[in-house]
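Structure, as structure tokens:
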Amino acid sequence: MLTQSEENYLKCIYHLSSKSNGAINTNAIADSLETKAASVTDMIQKLANKGLASYVKYKGVNLTNKGEKEALKVVRKHRLWEVFLVKELGFNWDKVHDIAEQLEHIKSTTLIDKLDKFLAYPKFDPHGDPIPDANGEIAPNPTTTLSILKPGDVCTVICAKDTSSDLLLFLDRINISLGTQLEVVDYLEFDGSYSVKVDNGNPITLSTKVAENIFIDKL
């Protein structure tokens, strides 16, 4: 069984690897985790001894297949908890990351599988990041935004494209969250804005910029 610290390192290396084509420098890991390079070297050696990572001095670190699978388990838990916190407990989109950082270390596979089923197997977290399934498979990134819809079209919100606090706070303020149903009432060519019903309520106006930053499933 992995320690919380080992899981954090695996997740960190996984995220850094997704942005790089080569091995990950230990200094990059130290910067990301806000720790000392010597501590990183010690942990990498532990992960290597467990067959979770490979390390070549002066070249860097890569996760093994086993290590990547373990990292994806942590990522899956983190992103599922973010969905749960926003969709079921009403947390603001920009407030869930730190809480999910704690919940991601729960060990029960049964709990996580039941959580996934309860949430109807979401493909993306509130910030648009894909959620690995139980087999570690990841769906392609979402591509359909509210901005492509026409008057009369109906959709549900699956995530936000721009995860800046300003956008997430704005969406919270107008009651748009994960699973919210939107109906496009009108498109105003003058300024490119949209008149939209939120969960069958009174129409509100959304700018093109906002519409382009809401990923949806068209119904």
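The values are calculated or read from the model by the stated rules, or taken from the named source; none is laboratory data. Here the structure is a predicted model, which means the values were calculated and not measured. Cβ coordinates were reconstructed from backbone atoms using ideal geometry, including for glycine residues, and neighbour counts include every protein chain displayed. Surface areas here come from the heavy atoms of the whole protein model, side chains and all, with no ligands, DNA or RNA. Shrake-Rupley method; radii C 1.70, N 1.55, O 1.52, S 1.80 Å.
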* Given the conditions (1) out of contact with any Gly (no Cβ under 8 Å at 6 or more places or on another chain); (2) closer than 30 Å to residue 191 by Cβ, report the number of the one that residue 121 does not fulfil. => (2)
* Having 3 or more residues that are at pLDDT 90 or above, of a type in the set (S, T, N, Q) and in contact with a strand residue (DSSP E or B) (Cβ under 6 Å, 6 or more places away or on another chain) is the bar; report the helices (runs of 4 or more DSSP H) wholly within the stretch 34-122 that clear it. => none
* **Single condition residue 70 does not satisfy, out of (1) without any contact (Cβ under 8 Å) to a residue 60 or more places away in the chain; (2) touching a Leu at 6+ places or on another chain (Cβ under 6 Å); (3) open to solvent by 40 Å² or more (accessible area, probe 1.4 Å)** => (1)
* Inside the stretch 16-49, can you point out the residues that are touching a residue at least 24 places away in the same chain (Cβ under 8 Å), open to solvent by 30 Å² or more (accessible area, probe 1.4 Å) and closer than 13 Å to residue 71 by Cβ? -> 17
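So which residues in the stretch 144-180 are part of a loop (DSSP other than H, G, I, E, B), under 17 Å from residue 218 (Cβ atoms), without any contact (Cβ under 8 Å) to a residue 60 or more places away in the chain and open to solvent by 20 Å² or more (accessible area, probe 1.4 Å), if there are any at all? Lay out the reasoning, then the answer.
Taking the stretch 144-180 and keeping what is part of a loop (DSSP other than H, G, I, E, B), we get 144, 149-153, 161-164, 174-180.
Of the ones still in play, those that are also under 17 Å from residue 218 (Cβ atoms) are 144, 149-153, 161, 176, 178-180.
Adding the requirement that they be without any contact (Cβ under 8 Å) to a residue 60 or more places away in the chain leaves 150-152, 161, 176, 180.
150, 151, 152, 161, listed by residue number.
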* Evaluate the stretch 189-209: report whether one residue or more is open to solvent by 30 Å² or more (accessible area, probe 1.4 Å) and within 17 Å of the chain's Cα centre (by Cα). => no
* Select, from 24, 29, the only residue that is under 25 Å from residue 138 (Cβ atoms), touching a strand residue (DSSP E or B) at 6+ places or on another chain (Cβ under 6 Å) and either among the aliphatic types (A, V, I, L, M) or assigned by TED's automatic domain parsing to the domain that holds residue 177 (or both). => 24
